[in-house]
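The values are calculated or read from the model by the stated rules, or taken from the named source; none is laboratory data. Computed from a prediction, not measured in an experiment: that's the story for all the values here. As a convention, Cβ positions derive from the backbone with ideal geometry for all residues, glycine included, and neighbour counts pool all protein chains shown. These accessible areas exclude ligands, DNA and RNA; they are computed on the full protein's heavy atoms, side chains included. Shrake-Rupley method; radii C 1.70, N 1.55, O 1.52, S 1.80 Å.
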Amino acid sequence: MMTSKQAEQVLRAVYEKYSPERLTTIPDLILKYKGNEVELIRSVFDKYKVRDGDKQIFLTAQPIGDSNIKNKEVPVKRIPTIIIAVGVIFLIAGGAYYMIKGSANAKVQTADTANYTIIPAPSLNSTKTVDNSDNADGQWNSFLVDFKDAVNSKNIAKISSLTSPNFSDGGGGETIKEWLNNLVFVNDTTLQDFKKTLNGKMKNEEWQKGHVGRVTGKGEYGDLYFEYENFQWRFGGVIGD
C-alpha cells in the first residue's frame, strides 16, 4: 500500500519535470485520492506518458528536505539505559508474537515500492472491476432520472453522491465538483450541451467481461461513461486516452 506521503513525493517529482504549474494542486489530489494513492500515481504516469525508467526514479523520489542530511551532523542525545532495556524487551516480545502469527497465516507481504501495482485512468481499453448484477438494467432508468434531475437543478451535492469515488475527468486530475464548475455549469450553452449528451443515445459497454457499464455516443475519447459498482449505478466520468 502506498501512503499519502509517498504519493505526494512522487507527484512532486513528476510535476517538477512535466508540469510545474500543477504543483499547487498536489494537496487537493492527495486528499481526493486518500486510500487510492496507487490509482492516482498510475493516472499521472499515464497522462504524462512517463517511461519505465523514469517511473522507478519517481517512485523512489527522496523526501523533501532529505537531500542534504548526509552532509549535516545531527546532535546525538543519549538515552537512559533503563529506557533502552525496556525497549529491547518490547521488541523481543513483539517479534515473537509476529513470528507465531506469521507462521499460522503462512503469508508474507512486501512493501517494496517498486512492486506497486498501479491502475491506469479509465479508458475503453481499461479493465475496471465492477459488480455485476441481474438488477443492473432494472436500476438504470431510475438512476438516470435522478442524475438528470440533479443536473437540471444544478445540484452539485446530489451529482457528487451519484458519482463514483474513482471519478476521472479524462486525465486532468479535477474532482467532480471542479469539473462541473469549470466545464458544465459555466454558462447556459455548456449546460445545454451536457443535457443534450445525457438525452442522446447510450450503449452498453463491458469494462471487463461480465461487468456492466454504459457510455454516451460512440464511447470514444471525451464521451461520458457510467458504471455499475457496489450494486448501484454511478457516473464514472469522461473517457480518456
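Given the condition part of a helix (DSSP H, G or I), loosely packed, with under 12 Cβ neighbours inside 10 Å and among the basic types (Lys, Arg), answer yes or no: does some residue in region 180-198 qualify? Yes, region 180-198 has at least one match. Does Leu91 fit the bill of being open to solvent by 70 Å² or more (accessible area, probe 1.4 Å), out of contact with any strand residue (DSSP E or B) (no Cβ under 7 Å at 6 or more places or on another chain), modelled with pLDDT of 90 or more and of a type outside the set (S, T, N, Q)? It is false that Leu91 is open to solvent by 70 Å² or more (accessible area, probe 1.4 Å), out of contact with any strand residue (DSSP E or B) (no Cβ under 7 Å at 6 or more places or on another chain), modelled with pLDDT of 90 or more and of a type outside the set (S, T, N, Q).
Restricted to region 32-54, and to residues that are open to solvent by 40 Å² or more (accessible area, probe 1.4 Å) and in a helix (DSSP H, G or I), which residue is modelled with the lowest pLDDT? Across region 32-54, the extreme among qualifying residues is Gly53. So Glu174 ticks every box in (1) free of Cβ contacts under 8 Å to residues at least 24 places away in the same chain; (2) open to solvent by less than 50 Å² (accessible area, probe 1.4 Å); (3) closer than 27 Å to Arg42 by Cβ; (4) outside any loop (DSSP other than H, G, I, E, B) but one. Which box is left unticked? For Glu174, the failing item is (4).
If the condition is being in contact (Cβ under 8 Å) with a residue 40 or more places away in the chain, surrounded by fewer than 18 Cβ atoms within 10 Å (Cβ to Cβ) and within 12 Å of Gly173 (Cα to Cα), then region 1-31 contributes Arg22, Thr25, Asp28.
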